[in-house]
2 protein chains.
Amino acid sequence: MAKIDQSKIARKTGSGYPEPYASMMSKRSYLRLGDAGGLTQFGANITILEPGGISSMRHWHVHEDEFVMVTQGEVVMVTDDGETVLREGDCAAFPAGVENGHHFLNKSSTEARFLVIGTRAARETAYYSDVDMKVEDVYGVSTYTRTDGSPMPEG
Amino acid sequence: MAKIDQSKIARKTGSGYPEPYASMMSKRSYLRLGDAGGLTQFGANITILEPGGISSMRHWHVHEDEFVMVTQGEVVMVTDDGETVLREGDCAAFPAGVENGHHFLNKSSTEARFLVIGTRAARETAYYSDVDMKVEDVYGVSTYTRTDGSPMPEG
């Protein structure tokens, strides 16, 4: 069945980040729509941010394009260019390799949701803009290190 | 600027289909959001269907995943499984290689819009379910033939 039954998709929480960053994602959850529909070439997820929620640490992707459309409420997009409010129907694009990190904050008093589409490359690197961290993804397994490749304090 | 300025995106019309199929797309137009945002790895387009509009001839992709989310109004999705109504927020997924053609009809009395995400493979083949036609895409150049590769009547 091509239609995705969203009532059957479990809401995921948690973060693969090392601390203290994982705990900062406690007001974020997501629905893996694309996985539910059998897609493998790109992710298609709804990110849900409670008031005060943060979508991710601010980051940019080396190899993967990313696209966002707000589907409920409003979020504040943060990039090197500052803050921009995105409301329902607003979209943003982050081409691979553009060294301008982004993330989304819910500064409102109600839940906000947005669709995130991201290519799934076999190997990917992403750099974090505000902290000394990068991630290497190899076939879906993520390894976080300092930007120079040295271990994070907790491992 | 990562936010996509949708007011500056020209609404595209027309179809690359041979006749008589091209004329059947006259009530369809689209906004190329991903192109406007500099994305190349997947398409991210809003398809706009006037009442009576058809999104495409019913088809399935050999190599490319496809994802759809309705953003305004309602459409009727047609697949081998029959007709399914999709309303605002409803999503559907079409994994590459699944031989079950789909398209969308606007049977309502008001405009309908949906977001379409599709991988952009260097080479792609799509087959049409209801007519004797296929398309070969090579780096964005589309060639339509009969399913057996012979020319369409009009060339």
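One decimal place: the segment B:S7-B:T125 gains 39.2 nm when fully extended, by the rule 0.36 nm per residue minus the C-alpha distance. Residues of segment B:1-29 with the amide nitrogen closer than 16 Å to a label point 7 Å from the Cα of B:T145, along Cα-to-Cβ, please. Label zone hits: B:18.
Counts of other chain beta carbons within 10 angstrom of each beta carbon in peptide A:85-91 average 4. For the residues of A:69-78, the average number of beta carbons from a partner chain within 10 Å of their own beta carbon is 2. Here A:K3 is the anchor, and the lysines within straight C-alpha reach of less than 21 Å, apart from those fewer than 8 places off in the same chain, are A:K12, B:K107. Mean separation of Cα pairs under 8 Å and 6 or more residues apart, divided by the residue count, gives segment B:2-131 a relative contact order of 29 percent.
When the solvent-accessible area of chain B is split by element, carbon and sulfur atoms take up 49 percent of it, the probe being 1.4 Å. Taken over segment B:100-149, the percentage of Cα pairs per 10 Å bin, counting from 0 up to the bin with the maximum distance, is 20, 39, 30, 10. Gaussian network model of chain B, Cα springs within a sub-10 Å range: biggest mean-square fluctuation belongs to which of B:D81, B:D35, B:D90? Highest fluctuation of the listed residues: B:D81.
Please sort by residue number the trypsin sites (Lys or Arg not before Pro) in segment B:1-76 whose DSSP state is loop and whose Cβ has at most 14 other Cβ atoms within 10 Å.
Sparse-neighbourhood loop trypsin sites (Lys or Arg not before Pro): B:R11.
Counting only lysines at least 8 places from A:K8 when in the same chain, those with an alpha carbon closer than 22 Å to its own are A:K27. Peptide B:38-49 has a mean shielding of 4, counted as Cβ atoms of other protein chains within 10 Å of each residue's Cβ. Only protein heavy atoms count here, probed at 1.4 Å, and on that basis chains A and B bury about 2800 Å² of accessible area in total. Remark: segment A:15-32, residue by residue, has Karplus-estimated 3J(HN,Hα) of 8, x, 4, x, 6, x, 6, 4, 5, 6, 9, 5, 9, 10, 9, 7, 10, 8 Hz, where x stands for each Gly or Pro and the curve is 6.51 cos²θ - 1.76 cosθ + 1.60 at θ = phi - 60°.
When you filter the GluC sites (Glu not before Pro) in segment A:70-155 for DSSP loop state and at most 13 other Cβ atoms inside 10 Å of their Cβ, you are left with A:E99, A:E154. If you run the Gaussian network model on chain A, springs between alpha carbon atoms under 10 Å, then out of A:V131, A:V75, A:V141 the most flexible one is A:V141.
Cα centroid separation, segment A:1-57 to segment B:84-146: 26 Å.
For B:K8, inter-copy separations between label points set 7 Å beyond Cα along the Cβ vector come to 4.4 nm, shortest first.
The values are calculated or read from the model by the stated rules, or taken from the named source; none is laboratory data. Source: prediction; values computed, not measured. All Cβ positions, glycine included, derive from the backbone under ideal geometry; neighbour counts span all protein chains shown. Just the protein is used for accessible areas: all its heavy atoms, side chains included, with ligands, DNA and RNA removed. Shrake-Rupley method; radii C 1.70, N 1.55, O 1.52, S 1.80 Å.
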